[in-house]
Amino acid sequence: MYLYGASGHAKVIIDILHAINEPIEALFDDNETINNLFDYPVLHTSEIKGPLLISIGNNNIRKKIAESVSVTIGQAFHPSAIISAKTNIDKGTVVMQGAIIQSDVNIGKHCIINTGASIDHESLIGDYVHISPHCTLCGNVEIGEGVLIGAGTTIIPGVKIGCWSVIGAGSVVAKDIPDHVLAVGNRCKVVKNL
Ligand SMILES: CC(=O)SCCNC(=O)CCNC(=O)[C@H](O)C(C)(C)COP(=O)(O)OP(=O)(O)OC[C@H]1O[C@@H](n2cnc3c(N)ncnc32)[C@H](O)[C@@H]1OP(=O)(O)O
């Protein structure tokens, strides 16, 4: 596996790849001052190789890179994650330690399902989404493309979050949230447009 991005997020993905015995060939990064991460070389080249995981936490940047490369895309699920056999997860998505993904969930490409997050039955997660550590998504939740759900957020059943919106850490979302907004709080409310 090759990784694009040599930051803290890459360190967590490296742990997952170790846990599943997936060899790591090298990392790529645009920052020419970073030449290695742990024992792995960091390359600065436009010749990107696959299978590739984009190991960058920012959803916009992950999308830009995904659209600019034409190599095989990998996947990485930590063995401690519990993933229903009746779930579809698209390429490029990583599932961190202790996450739980229940039956009939669909998750798009290049998503991050972070440490200890729980996604319940029949939920729909768009492409380039980040579900941060210890979020709880109840059943039938819908998350639009590019959304960041901040750490520890709870989303009650059936709620829809619009594309490229951000939900602040620790929020409780009981009503639908539109596209391109920042919304925060218990009784989560929109505080600004993005
Ligand atoms: C392994 C990992 O680390 S994964 C990374 C996971 N990342 C996260 O969970 C980060 C989530 N980010 C947040 O919660 C941030 O605070 C954000 C995105 C909500 C806000 O960031 P900014 O755009 O900088 O907004 P800003 O700090 O100006 O806040 C706007 C208002 O919302 C408030 N606010 C910000 N965050 C929160 C929050 N989580 N809950 C309640 N209110 C909040 C601020 O106090 C501010 O209120 P004010 O205008 O009355 O002063």
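What number goes with the only condition from (1) within 22 Å of Lys109 (Cα to Cα); (2) open to solvent by 30 Å² or more (accessible area, probe 1.4 Å); (3) part of a loop (DSSP other than H, G, I, E, B) that Ile24 does not pass?
(2)
Checking Gly74 against (1) over 14 Å from the mean Cα position of the chain (by Cα); (2) buried (at least 18 other Cβ atoms within 10 Å of the Cβ), only one condition comes out false. Which one?
(1)
Counting only residues that are more than 9 Å from the ligand (Cβ to nearest atom) and either under 16 Å from Val181 (Cβ atoms) or modelled with pLDDT under 95 (or both), how many does the stretch 131-153 have?
Number satisfying all stated conditions: 6.
In the stretch 2-15, which residues are farther than 26 Å from Trp164 by Cβ and open to solvent by less than 10 Å² (accessible area, probe 1.4 Å)?
The answer is Ile14, and nothing else.
Listed residues Ala81, Ala66; which is closer than 18 Å to Glu22 by Cα, surrounded by 13 or more Cβ atoms within 10 Å (Cβ to Cβ) and out of contact with any Pro (no Cβ under 8 Å at 6 or more places or on another chain)?
Only one candidate qualifies: Ala81.
What's the total number of residues in the stretch 126-149 that are touching a residue at least 40 places away in the same chain (Cβ under 8 Å) and outside any loop (DSSP other than H, G, I, E, B)?
2
Return the residue satisfying two criteria in turn: it lies in the stretch 75-114 and is of a type in the set (Gly, Ala, Ser) and touching an Asp or Glu at 6+ places or on another chain (Cβ under 8 Å), and of such residues it is nearest to His9 (Cα to Cα).
Residue satisfying both the conditions and the ranking: Ala76.
Within the stretch 97-120, count every residue that is within 16 Å of the ligand (Cβ to nearest atom), of a type outside the set (S, T, N, Q) and in a strand (DSSP E or B).
Within the stretch 97-120, residues that are within 16 Å of the ligand (Cβ to nearest atom), of a type outside the set (S, T, N, Q) and in a strand (DSSP E or B) number 3.
Name every residue in the stretch 81-96 that is under 21 Å from Cys163 (Cβ atoms) and in a loop (DSSP other than H, G, I, E, B), in order of residue number.
Hits for the stretch 81-96 are Asp90, Lys91, Gly92, Thr93.
Name the residue that is nearest to the ligand (Cβ to nearest atom), counting only residues in the stretch 154-194 that are among the hydroxyl-bearing types (Ser, Thr, Tyr) and more than 15 Å from the chain's Cα centre (by Cα).
Ser171
Within the stretch 128-141, identify whether any single residue is crowded, with 18+ Cβ neighbours inside 10 Å, in contact with a Lys or Arg (Cβ under 9 Å, 6 or more places away or on another chain) and among the hydroxyl-bearing types (Ser, Thr, Tyr), and answer yes or no.
yes
Hey, can you tell me all the residues within the stretch 27-50 that are in contact with a helix residue (DSSP H, G or I) (Cβ under 8 Å, 6 or more places away or on another chain) and open to solvent by less than 80 Å² (accessible area, probe 1.4 Å)?
Leu27, Leu37, Tyr40
The values are calculated or read from the model by the stated rules, or taken from the named source; none is laboratory data. For clarity, every value in this text was computed on a predicted model and none was experimentally measured. No Cβ is skipped: glycine too gets one built from the backbone with ideal geometry, and neighbour counts run over all protein chains shown. We work out accessible area using only protein heavy atoms, side chains counted, and drop any ligands, DNA or RNA first. Shrake-Rupley method; radii C 1.70, N 1.55, O 1.52, S 1.80 Å.
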